[in-house]
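The values are calculated or read from the model by the stated rules, or taken from the named source; none is laboratory data. What you see is a predicted model, and the numbers here were worked out from it, not measured in a lab. FYI the Cβ positions are ideal-geometry reconstructions off the backbone, even for glycines, and counts take in every protein chain you see. Keep in mind that these areas ignore ligands, DNA and RNA; they rest on the heavy atoms of the full protein, side chains included. Shrake-Rupley method; radii C 1.70, N 1.55, O 1.52, S 1.80 Å.
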Amino acid sequence: MTAVSDMVQGAGVVRKRTRLQRLKDNRKLWRGIAAVVIALVFWEVGSRWDQWFGFTLPFIGLIPPPTDVAVAWMSVLPQPGYWESWYLSFKRVLAGFLVAQLVGIPLGLALAVNRYFREFFFPVFEILRPIPPLAWVPASLIFWPTNEMSIAFVTFLGAFFTIVINVLGGARTIDISLLRAAQSMGATQWDMFWKIVLPGTLPSIFTGAAVGMGITWEVVLAAEMISGGGTQGGGGLGFFIWNSYMGGSLPHIVVGMISIGIAGYVSSSAIRWLGDWAMPWRRLF
Amino acid sequence: MSTAEMSTTARTGAISIRNVTKIYDPEGVNVLAVDDCSLEIGAGEVCMIVGPSGCGKTTLLNAIAGFHSLTFGEIRLDGEVLCDERRPLASQGADRVVVFQNGALFPWKTLGDNVAYGPMVQGTLSKAEAREKARHMLAEAGLGDVAEKYPGEVSSGMARRAEIVRALINDPKVLLLDEPYRAMDALTKSIMHEALLEMYDRTKVTIFFITHDLEEAIFLGDRAVVMTTRPCRVKTIVNVDIPRPRDYHLLSSEEFRVLVEEAKDAVHEEALKAFEAGERELA
């Protein structure tokens, strides 16, 4: 029953619907579930019957069907090693990401509000920025005493540059009328920074965080594969995939890949939720 | 003279612009924006500044507000020098509050918090007192119901009215308006005009109002000061001796039409000059 017919029957009074009814009427949710189910069916059919009219289906014919993946997943779910991988990857992502936020947001704001600081530091920043995080891996393996620290450093770099450039751009594009309005009402530099520049930059801070989070996952996974297992700096979902590859277990590789997809989805949902919470005025759009 | 009468009744907010010249110097090419411009604005006067786009009206407003420096001359407020050749940039203060062309409410504050902002940062009222006063003033302006809404949730007309309330809560001597109703349709505009006049009748604050719209200038103003195209100087002053309070019926009256025509002739001449000088926009 739709919300509209509920209202008609209740003669203009919206009856309180139960949690179950609301779940039933949540079309967005059902469409999402339908999309996932359809994708799984395609995948299953494609990889089970890989010969079509005498041609081998490219790619999908080679990967294991979802049912095999599910079986492999069930086998790893009770293993503590699998959850250890989640924990290690998440820890690395969060550490690199948070440090990048803590350093990147103040630096971006400082670059935006102080001309001399910007003119002095921005050229150096712009030369370092295009260097891909993975290009830093060999150097950081040499410079940092442990593998773990190298991974953390490279992860940090991945998010750092994106965050700074977003914050800088956001703060620089704040409408000058807002600053002048505040000034003409007697705001001090301090007031303007906290009450105008900072909230005005929040949308860009969250854009930077969303993009930075994505890069962080990429970098962590790559770094985990490069650094390999071993006693220090090992483990993580990247190593889980690498290990499955070395062991020749295709379903386990896919399990690792989907785990990363879920982890990324959880991370970006968290950022979206935080953004909605921090910027109530943006919820209207 | 209407201005002379007014200075006896009104309190403060007389602006004296004396021989003001502004030369912009981008890349070493001197651009004369304002040339030896003088204008006396009485306390509590509604002074409408009319002229072609890019003629330097906003430069004058920016000099009064303290956003831009002047090159020569001086500007006084109630006899006190705001800026002159020795101190070309006026200090920015809540005695001269600006309402901007494109609206400058803080999107992250509710209308109530926007209005409360001035007294709060100046420290004249506590947070609770400022909020209370803001709610009261918004209610007076017919915006009591939307005080808790964000600027993005209300119409542009409501937002602009709230912005003027945000300026008035500071009890300024002068309200500086830079084409505040430019992008509005005629119907909304006439509602805005009546709301502004109603607020003016209550506060009698001096209003320095830049516009392109001649009907707006005559309907609202005690005087409409027509400026020349760049460099900016006073061309003609049209005195509007129409008693207040005014309402929209005035728009169809004969005396109103005559005054608009008078201003139009002066502005048209300048607009033509600006056009021939290759200006992009016209009045």
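Going by the conditions given, is A:LEU198 in contact (Cβ under 8 Å) with a residue 60 or more places away in the chain, within 11 Å of chain B (Cβ to nearest Cβ), under 25 Å from the mean Cα position of the chain (by Cα) and under 30 Å from A:PRO132 (Cα atoms)? Judged against the criteria, A:LEU198 is a match.
Failed condition for B:VAL238, given (1) among the aliphatic types (A, V, I, L, M); (2) closer than 30 Å to B:LEU138 by Cβ; (3) under 20 Å from the mean Cα position of the chain (by Cα), with all others met? For B:VAL238, the exception is condition (2). Number of residues in the stretch B:74-100 that are of a type outside the set (Val, Ile, Thr), at pLDDT 85 or above and either within 16 Å of the chain's Cα centre (by Cα) or crowded, with 21+ Cβ neighbours inside 10 Å (or both) equals 6. Counting only helices (runs of 4 or more DSSP H) that sit completely within the stretch A:51-134, those holding 3 or more residues that are of a type in the set (Ser, Thr, Tyr) and closer than 19 Å to A:GLY236 by Cα correspond to A:80-113.
Scanning the stretch A:180-195 for residues that are surrounded by 20 or more Cβ atoms within 10 Å (Cβ to Cβ), without any contact (Cβ under 8 Å) to a residue 12 or more places away in the chain and either small (Gly, Ala, Ser) or more than 8 Å from every other protein chain (Cβ to nearest Cβ) (or both) returns A:ALA181, A:SER184, A:GLY186, A:ALA187. Among the conditions (1) free of Cβ contacts under 8 Å to residues at least 60 places away in the same chain; (2) under 30 Å from A:TRP190 (Cα atoms); (3) open to solvent by less than 80 Å² (accessible area, probe 1.4 Å), the only one that A:LEU128 does not satisfy is (2).
Going through the stretch B:227-268 one residue at a time, which ones are in contact (Cβ under 8 Å) with a residue 60 or more places away in the chain and under 24 Å from B:ASP201 (Cβ atoms)? Correct list: B:ASN239, B:VAL240, B:ASP241, B:LEU251, B:ALA263.
Among the residues of the stretch A:247-285, which ones are surrounded by 11 or more Cβ atoms within 10 Å (Cβ to Cβ), under 27 Å from A:ALA72 (Cα atoms) and more than 21 Å from the chain's Cα centre (by Cα)? Correct list: A:SER249, A:LEU250, A:PRO251, A:HIS252.
The set of residues in the stretch B:62-109 that are of a type in the set (Lys, Arg) and under 22 Å from B:GLN122 (Cβ atoms) comprises B:ARG96, B:LYS109. Any chance you could count how many residues in the stretch B:257-269 are of a type outside the set (Lys, Arg) and within 21 Å of the chain's Cα centre (by Cα)? The number of residues fulfilling the criteria is 5.
One residue stands out in the stretch A:161-179 among those that are surrounded by fewer than 19 Cβ atoms within 10 Å (Cβ to Cβ) and within 14 Å of chain B (Cβ to nearest Cβ): the one that is farthest from B:GLN122 (Cα to Cα), namely A:THR173. Would you mention how many residues in the stretch B:34-58 are out of contact with any Pro (no Cβ under 8 Å at 6 or more places or on another chain) and either within 14 Å of chain A (Cβ to nearest Cβ) or acidic (Asp, Glu) (or both)? Here the count works out to 4.
Here is a yes/no grid of residues against (1) touching a residue at least 12 places away in the same chain (Cβ under 8 Å); (2) among the hydroxyl-bearing types (Ser, Thr, Tyr); (3) assigned by TED's automatic domain parsing to the domain that holds B:ARG257; (4) more than 21 Å from B:PHE256 (Cβ to Cβ):
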| position | (1), (2), (3), (4) |
| --- | --- |
| B:GLU129 | no, no, no, yes |
| B:LEU143 | yes, no, no, yes |
| B:LYS149 | yes, no, no, yes |
| B:THR188 | yes, yes, yes, no |
| B:LEU197 | yes, no, yes, no |
| B:THR203 | yes, yes, yes, yes |
| B:ILE207 | yes, no, yes, no |
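Return a yes/no flag: does the stretch A:43-65 have any residue that is hydrophobic (A, V, I, L, M, F, W, C), open to solvent by 70 Å² or more (accessible area, probe 1.4 Å), within 27 Å of the chain's Cα centre (by Cα) and at pLDDT 75 or above. Checking the stretch A:43-65: not a single residue is hydrophobic (A, V, I, L, M, F, W, C), open to solvent by 70 Å² or more (accessible area, probe 1.4 Å), within 27 Å of the chain's Cα centre (by Cα) and at pLDDT 75 or above. Can you tell which of B:GLY44, B:GLY54 is open to solvent by 10 Å² or more (accessible area, probe 1.4 Å), of a type outside the set (Asp, Glu) and assigned by TED's automatic domain parsing to the domain that holds B:ASP213? Going through B:GLY44, B:GLY54 in turn, just one is open to solvent by 10 Å² or more (accessible area, probe 1.4 Å), of a type outside the set (Asp, Glu) and assigned by TED's automatic domain parsing to the domain that holds B:ASP213: B:GLY54. Of the residues B:GLN92, B:GLN122, B:GLN101, only one is over 22 Å from A:LEU198 (Cβ atoms) and either facing chain A (nearest Cβ under 10 Å) or in contact with a Pro (Cβ under 7 Å, 6 or more places away or on another chain) (or both); which? Going through B:GLN92, B:GLN122, B:GLN101 in turn, the sole match is B:GLN101. Among the residues of the stretch B:145-163, those that are within 12 Å of chain A (Cβ to nearest Cβ) and either closer than 19 Å to A:SER177 by Cα or open to solvent by less than 10 Å² (accessible area, probe 1.4 Å) (or both) comprise B:TYR150, B:PRO151, B:GLY152, B:GLU163.
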